[in-house]
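Data first, discussion second: the structure below is written as C-alpha cells.
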Amino acid sequence: MLYIIKFLYSFVLPPGLFILAFALLSIRLYRRDKHSAYYLLAFTVLFYLFSTPFLGGMLVASLENRYHPPGQPSGDVIVMLGGGATADTPDVDGKGQLSGHAANRFLTTVRLHFQTGLPIILSGGIVHSDSGSEAEIAKRKLITLGVDKEKIWVEGASRNTEENAVYVKRLLTQHGFKKPILVTSAFHMERSVRNFAKQGIDVVPYPTDYLQNQDRHLHLNLFAPTGGGYSYLALKEYLGILALLF
C-alpha cells in the first residue's frame, strides 16, 4: 500500500501534475479537434516516459556500462574532473562544498591516492558567477584529509569537459605525466574519454558515482514521474558525444 500511495503522490507534484493536466486536456480536446488531441496526447506520453526513473535509468545505464573500474589501476597521476560546487556554503574547514557528483568523484580520488600514492590533478573552475572554484575546494579538502599539498596540482580554469581536457593536457606535459587515471562519474566517462582522446591523451578510465544498480529490479515507483533528471543527464551526455563526431 505504501508504494501505491507514493506512486499516486507523484502525480500531485510536478512534473506528474503537468502530465496529468495534459492528459485530461487531450481528452477534453478530443471532441473538438481530434488531430490536436492526438498530438497533445503523444507529447504527454513522451513527457511522461522521459520523466520516469525507468526510462531515465535505462539511458543512464547505457552510458555507465561502457567502462568499469580496473582492479589494479596502472598510471602515473590521478586526474579528477569537477562536477559542481557551491562558493560560500559552510564546511568543516572553510566555505564552499562539492556537489553530489563531484563529492563522489572526490571520495574515489582520495581512496585511489592512498592506495597508490600517486599525485593528483584537480580539474574544474568557476562555471557560474555564484559557483565555487571546484578544484580549489577539492584541494582544501584533500589537504584536510592528510594528502601532501606537494602532490596536488590545480587546474582551475576549465568550465566544461572539453576545457578539462585542454587544460589538463598542459599540466600533464609540464610535469611529464604519460598515463593519467581519469576519475569522473560513470555516466560522464564516455564523453570524457573522447574529449581527452581528441587532445591525444590516452587515459585509464576509473568511473565512479554510479546512479544505477548493475542488477535492476522492476517496481512501481520506477514508473512514477519525477524531476530527478536521469533522462536529462543521459541525453546531455549523448548530445555531447554526438558533437564530438563533427
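So the values come out like this:
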| item | result |
| --- | --- |
| Test for Val77: is it out of contact with any Lys or Arg (no Cβ under 7 Å at 6 or more places or on another chain) and surrounded by 19 or more Cβ atoms within 10 Å (Cβ to Cβ) | yes |
| Enumeration of residues in region 41-72 that are surrounded by fewer than 18 Cβ atoms within 10 Å (Cβ to Cβ) and among the aliphatic types (A, V, I, L, M) | Leu41, Ala42, Val45, Leu46, Leu49, Met58 |
| Total residues in region 16-69, condition out of contact with any helix residue (DSSP H, G or I) (no Cβ under 9 Å at 6 or more places or on another chain) and among the hydroxyl-bearing types (Ser, Thr, Tyr) | 0 |
| Yes/no for Thr173 being β-branched (Val, Ile, Thr), out of contact with any helix residue (DSSP H, G or I) (no Cβ under 7 Å at 6 or more places or on another chain) and in the same structural domain as His113 (by TED's automatic domain parsing) | yes |
| Answer from Arg170, Arg191 - the residue that is surrounded by fewer than 14 Cβ atoms within 10 Å (Cβ to Cβ) and in contact with an Asp or Glu (Cβ under 9 Å, 6 or more places away or on another chain) | Arg170 |
| Criterion: in a helix (DSSP H, G or I), surrounded by fewer than 16 Cβ atoms within 10 Å (Cβ to Cβ) and in contact (Cβ under 8 Å) with a residue 40 or more places away in the chain - qualifying residue of Ile19, Ile4 | Ile4 |
| Inter-residue pairs, beta-carbon under 6 Å, first buried (at least 21 other Cβ atoms within 10 Å of the Cβ) and in region 195-208, second in a strand (DSSP E or B), 6+ apart | Val203/Pro180; Val203/Leu182; Tyr206/Ile181; Tyr206/Val183 |
| Cross-chain or 6+ apart pairs with Cβ under 9 Å, region 221-232 first and more than 17 Å from Lys6 (Cβ to Cβ), then surrounded by 15 or more Cβ atoms within 10 Å (Cβ to Cβ) and polar (S, T, N, Q) | Tyr230/Thr52; Tyr230/Gln212; Ser231/Ser51; Ser231/Thr52 |
| Residue within region 151-163 that is of a type outside the set (D, E, K, R), touching a residue at least 60 places away in the same chain (Cβ under 8 Å), not assigned by TED's automatic domain parsing to the domain that holds Leu239 and not in a strand (DSSP E or B) present | yes |
| Restricting region 58-110 to residues that are in a helix (DSSP H, G or I) and among the β-branched types (Val, Ile, Thr), the residue that is nearest to the chain's Cα centre (by Cα) | Val60 |
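The values are calculated or read from the model by the stated rules, or taken from the named source; none is laboratory data. The shown structure was predicted, so the numbers you read here are calculated from the model rather than taken from an experiment. Using ideal geometry, Cβ is built from the backbone for each residue, glycine included, and neighbour counts are taken over all protein chains shown.
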